[in-house]
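All of the numbers you see were taken from the coordinates with simple rules; none came from a lab. In this text the structure is predicted, and so the values were computed from the model without any measurement. Here the Cβ is made from the backbone with ideal geometry for all residues, glycine too, and neighbour counts use every protein chain on show.
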Amino acid sequence: MQDPIPRLETRNLVRRYDGRLVVDDVSLSVLPGQVTCLLGPSGCGKSTTLRMIAGVEMQDAGEIWVDGKLVCDTVYRVPPERRHIGLMFQDFALFPHLRVGENVAFGLGGTADEKAARVGELLERVGLSGYDRNFPHELSGGEQQRVALARALAPRPSIMLMDEPFSGLDNRLRDGIRDQTLDILREQDTAVLLVTHEPEEAMRMADTIALMRDGRIVQQGAPYNIYNAPADRAAVSFFSDVNVVRGTVHGALAETPFGQFLAPGVPNGQAVEIVVRPQHVKLDFDRAGKGPVPTISDGTAVRGEVRRARFMGGESLVEFEMEFGGPRFKVTVPAVFLPKNGTPMWLTIRRDKCFIFPVH
Ligand SMILES: Nc1ncnc2c1ncn2[C@@H]1O[C@H](COP(=O)(O)OP(=O)(O)OP(=O)(O)O)[C@@H](O)[C@H]1O
Ligand SMILES: [Mg+2]
């Protein structure tokens, strides 16, 4: 079977400001009815990428395609209003002199009755039935944001670009509106490119995550792939706290205080980092100065002393000073577990849950 044609595709987009590369060879695609999240830290070039796709900013190189047709390269350019792209940005601006209903109807064609029906339907979907005659300043920030959302959805755009659209909302409201928005967009088979710097939001919403750093896409894939097979150490630490142990490779094995780790294909003498998330470190109590016997799956145990323990709601976070020195080890336990400062314990790293990266 042939791969479906992406609704939206960027090919090798490049953008420089004053000679500085801000978007560097970005190639992305979004299928109809799917959500791609552009995830990355502040300043990495996410909004600039979105602005080029929207057509409000020109790329220095690269192409934008919609439904298999070229929309923009450095010579040819379809104007923004003819790209059928909906926009929902963080600093959404409602028209202050127009009522809520008029704001939502703004981009709509059709008869007055058709417009009224669509406005009513959308206001109901975002939980604002009965507000159509209010002015924006009579609404709370969250309500205004929902109006902006209704306005962006009204013309049934085939592509929706969203730049941190939910960041102004409080947590509980945000979860509801986020899910509802996605339901509406999926029903309409819209392709969604959503920008966020929050990994939880990306994991929750995305079919595909494109991890961006310093203008480049460093990894692209399903959320579980990015989480379970991260491209590098920074990709791991973007999603959670991490612990890092250094080692050196001899004969495809990395020697560390936690025992040997398989490092196939890594040359002799190469320094590596073993990266492990706090939930994948196993704890054992000290038994007269002894820890658990080494096993194939968990390696050698190392002694550490508790320096801090906090209950975080779903889990406890315990920090250890390790016998071999280095930064404190962070361990989470899915229970109330608050050992006293100075308590000795033995830590092991689950072999199947750690990542090994060469140090450059
Ligand atoms: N018009 C401009 N002129 C010069 N530099 C710019 C311009 N717009 C953005 N930049 C720079 O380009 C880089 C990328 O900006 P961009 O807004 O795309 O980042 P972002 O990933 O959206 O960040 P955030 O998560 O903070 O919104 C930043 O370093 C920013 O300072
Ligand atoms: Mg931005």
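Quick look at the numbers
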{"read-out": "DSSP beta bridge pairing in region 8-237, given as percent antiparallel to the nearest 5", "value": "55 percent"}
{"read-out": "Kirkwood Rh in Å, taken over region 43-194 so that all alpha-carbon pairs contribute", "value": "16.3 Å"}
{"read-out": "Full-stretch length increase - S27, E187 - with 0.36 nm per residue and alpha-carbon distance subtracted", "value": "55.0 nm"}
{"read-out": "Debye, to nearest 20: dipole size of region 240-358, +1 on Lys, Arg Cβ, -1 on Asp, Glu Cβ", "value": "220 debye"}
{"read-out": "Mean separation of Cα contacts under 8 Å (6+ apart) over length of the chain, as relative contact order %", "value": "15 percent"}
{"read-out": "Amide proton proximity set for F337, modelled H, under 5 Å, gap of 5+", "value": "S316"}
{"read-out": "Residue-span extension gain [I296 to R204] - 0.36 nm each, minus C-alpha spacing", "value": "29.7 nm"}
{"read-out": "Calculated log₁₀ intensity ratio I(q)/I(0) where the Debye formula runs over C-alpha points of region 240-358, q = 0.15, 0.17, 0.23 Å⁻¹", "value": "-0.65, -0.81, -1.34"}
{"read-out": "Ascending count of other beta-carbon atoms within 10 Å, so fewest first, for K282, K353", "value": "K353, K282"}
{"read-out": "Region 56-99: proportion of alpha-carbon pairs further apart than 14 angstrom, %", "value": "60 percent"}
{"read-out": "Theoretical FRET efficiency, 1/(1+(r/R0)^6), r = Cβ-Cβ of E255 and D18, R0 41 Å, to 0.05", "value": "0.30"}
{"read-out": "Using a Förster distance of 45 Å, the FRET efficiency for S42-N268 (Cβ separation, nearest 0.05)", "value": "0.65"}
{"read-out": "Fewest-first ranking of D18, D163, using other Cβ atoms within 10 Å as the exposure measure", "value": "D18, D163"}
{"read-out": "Over the chain: helical MRE at 222 nm, DSSP H runs n ≥ 4 each giving -39500 (n - 2.57), nearest 500", "value": "-6500 deg cm²/dmol"}
{"read-out": "The chain: most fluctuating residue of P230, P339, P157 per GNM, C-alpha cutoff 10 Å", "value": "P339"}
{"read-out": "Magnitude of the charge dipole, the chain, Cβ model with Lys/Arg +1 and Asp/Glu -1, debye to 20", "value": "720 debye"}
{"read-out": "Charge dipole of the chain about the Cα centre (unit charges at C-beta), most positive-ward option of V66, A210, T181", "value": "A210"}
{"read-out": "Farthest toward positive dipole pole in region 240-358 [+1 Lys/Arg, -1 Asp/Glu at C-beta], among L283, Q270, I349", "value": "L283"}
{"read-out": "Spacing of the two label points (7 Å from each Cα toward its C-beta) at E321 and R133, in nm", "value": "7.0 nm"}
{"read-out": "Rounded Å value of the spacing that divides the Cα centres of region 219-255 and region 1-38", "value": "25 Å"}
{"read-out": "4 °C / 1.567 mPa s Stokes-Einstein diffusion coefficient of the chain, Kirkwood radius on C-alpha pairs, µm²/s", "value": "55 µm²/s"}
{"read-out": "Rg in Å to one decimal, and Dmax rounded to a whole Å, for region 141-255 via C-alpha atoms", "value": "18.2, 62"}
